[in-house]
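Reading through the structure tokens given below for one structure.
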Protein chains: 2
Amino acid sequence: MDEAKNSGLTRIQRRNREIILEGALTVFAVNGFRGTTIDQIAAECGLSKPNVLYYFPSKDEIHKTLLTKLLDMWLAPLENIEPAGEALQEVLNYVAAKLRMSREYPRESRLFAYEILRGAPHLTEILGGRLRNTVDDAVTVLRGWIEAGKLRDVDPHHLIFSIWAMTQHYADFEIQVHAVLGEGHDPFSEAQIFLDDMYRRLLTP
Amino acid sequence: MDEAKNSGLTRIQRRNREIILEGALTVFAVNGFRGTTIDQIAAECGLSKPNVLYYFPSKDEIHKTLLTKLLDMWLAPLENIEPAGEALQEVLNYVAAKLRMSREYPRESRLFAYEILRGAPHLTEILGGRLRNTVDDAVTVLRGWIEAGKLRDVDPHHLIFSIWAMTQHYADFEIQVHAVLGEGHDPFSEAQIFLDDMYRRLLTP
DNA sequence: CCTGATCCTGACTATTTGGTCAAGAATTGG
DNA sequence: CCAATTCTTGACCAAATAGTCAGGATCAGG
């Protein structure tokens with residue numbers, strides 16, 4: 001693996017930092033930053049509070065580490081859109097990938113949702129920097145497809161917002177979705193069908 | 001005066017409870033429940049902390065009062081869908097109404113978003129009760145329209161989820177939207193155009 | 001103007017919580 | 001094996017915070 005990258009850390013340090021981040025993600029995703037205590041994180045990890053603070057200097061640092069660590073994963077599907085690919089299918093793949101991530105990584109989705117809701121104090125420069133650039137790139141690709149007549153003419157920015165909103169909704173508001181649907185539903189499978197239909201309909205020229 | 005008799009509250013009580021709820025909404029919408037202190041609410045209202053607690057027994061009670069007080073407003077557009085109306089136009093009107101609410105009442109949108117995110121401890125019975133019933137009614141109406149051939153065949157539950165997700169996104173994730181779009185945009189106007197087109201396209205038989 | 005009810009607040013308590021620290025336990029390298 | 005380093009934790013501190021309370025200020029009705 002990348003020993004060089006982690007060369008400054010012992011095996012125990014790497015293992016325990018990982019355990020802490022994993023437990024903290026679980027707790028932050030449920031309670032948000034302010035609603036989470038270091039004691040809760042420690043309990044979730046099976047470590048003592050001072051021990052958690054031996055590996056991270058503060059609660060803030062754990063949170064910031066998690067956000068930056070997970071940002072790549074979260075943005076990857078958007079960056080993987082292939083300009084040379086078949087336009088409609090590329091978009092539908094992106095929707096599917098994003099929905100799959102909401103299903104498989106709901107904690108990450110909520111972590112980001114909480115952070116944006118509270119004004120993104122740990123992400124301000126990223127929002128206007130890397131995120132914006134990534135979106136701009138995707139928008140350029142989408143515009144190219146539209147001008148080439150491969151997609152219907154829609155506002156690319158709002159197309160992206162709509163995909164984010166719709167896919168993340170199923171992770172972030174899962175409790176509401178479940179309460180409304182009741183038992184006997186698989187929200188994500190149903191959503192996949194609905195969204196595929198919707199974006200196909202919207203974007204087919 | 002008779003006003004006191006009508007409400008059980010004095011004029012001062014009604015005025016100050018109103019001031020407190022107004023200020024608390026502002027603070028809760030930014031910081032969430034756990035991130036908000038009574039001191040912050042008091043400062044926002046220009047009252048002393050003990051005075052705030054003279055009108056409400058606890059922070060919890062202020063929060064619960066706000067949620068129940070605002071629920072009607074939040075659900076009204078869905079209840080106003082007119083089964084006798086013109087199907088597509090009724091849905092488009094609902095989308096527009098919901099988007100307008102996100103623009104005009106972003107604090108309310110965020111209040112609910114925070115509450116759902118943290119598992120809706122103050123809304124559990126409402127989610128599975130009144131909300132679910134309201135949605136069920138709307139679903140029945142939508143199904144009727146679909147069977148009558150007035151709307152394309154889509155899953156009505158997920159249609160409603162999509163409308164919620166898309167419209168509330170612009171209030172709840174406003175910071176992200178703004179960071180990505182940059183200056184010189186009116187996100188809500190653009191969204192209105194995008195969503196009108198999208199749902200028209202999706203639902204026209 | 002008087003009186004009782006309502007309103008308001010400084011000062012307080014109890015609890016929670018982020019974070020520290022000294023000292024003991026475990027691990028590692030030679 | 002030993003000694004140095006790393007790891008772990010009980011006990012602790014200081015700040016923040018929800019909530020209390022006695023008593024003074026204000027107001028409404030007579």
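Mean partner shielding of peptide A:44-54, defined as the number of other chain Cβ atoms within 10 Å of each residue Cβ, is 0. Under the combined filter of DSSP loop state and at most 16 neighbouring Cβ atoms within 10 Å, the stretch B:50-123 retains these GluC sites (Glu not before Pro): B:Glu86.
May I ask which of A:Lys59/B:Lys59; B:Lys64/B:Lys98; A:Lys69/B:Lys49; A:Lys98/B:Lys98; B:Lys69/B:Lys98 have a Cα-Cα span longer than 28 Å here?
Details: A:Lys59/B:Lys59 25 Å; B:Lys64/B:Lys98 23 Å; A:Lys69/B:Lys49 40 Å; A:Lys98/B:Lys98 24 Å; B:Lys69/B:Lys98 18 Å.
With Cα atoms farther than 28 Å apart: A:Lys69/B:Lys49.
Per-residue shielding of A:112-122, expressed as the average number of other chain Cβ atoms within 10 Å of the residue Cβ, stands at 5.
Inside 10 Å of the C-beta atoms of A:166-176, what's the mean count of C-beta atoms belonging to other chains? Before the final figure, lay out the partial values.
On the way: counts 8, 1, 3, 7, 3, 0, 5, 9, 3, 10, 13.
Per residue, the number of nearby Cβ atoms from other chains is 6 on average.
Accessible surface area normalised per residue over the stretch B:1-56 is 58 Å², counting heavy atoms of protein chains with a 1.4 Å rolling probe.
Summary for A:Arg201: label point 7 Å along Cα→Cβ; distances to the equivalent points in the other copies, ascending, 1.1 nm.
Take the solvent-accessible surface of the protein heavy atoms, probe 1.4 Å, and return the percent of it on the stretch B:1-76 that carbon and sulfur atoms account for.
Numbers: 2150 of 4110 Å².
Carbon with sulfur: 52 percent of the solvent-accessible area.
Report note on the peptides B:12-18, B:180-186: ranked by the mean count of other C-beta atoms within 10 Å, highest first, their order is B:12-18, B:180-186.
From the Cα gyration tensor of the stretch A:1-150, with a ≥ b ≥ c the square roots of its eigenvalues, which class applies: rounded if a/c is under 1.5, or else prolate if a/b is larger than b/c, or else oblate? Mind dumping the intermediate values first?
Numbers: a/c = 2.50, a/b = 2.07, b/c = 1.21.
It comes out prolate by the Cα gyration axes.
The values are calculated or read from the model by the stated rules, or taken from the named source; none is laboratory data. Remember, predicted model here, so these are calculated numbers, not experimental data. Neighbour counts run over all protein chains shown; Cβ positions are idealised from the backbone, glycine included. Heads up: the accessible areas ignore ligands, DNA and RNA and are worked out on the full protein's heavy atoms, side chains in. Shrake-Rupley method; radii C 1.70, N 1.55, O 1.52, S 1.80 Å.
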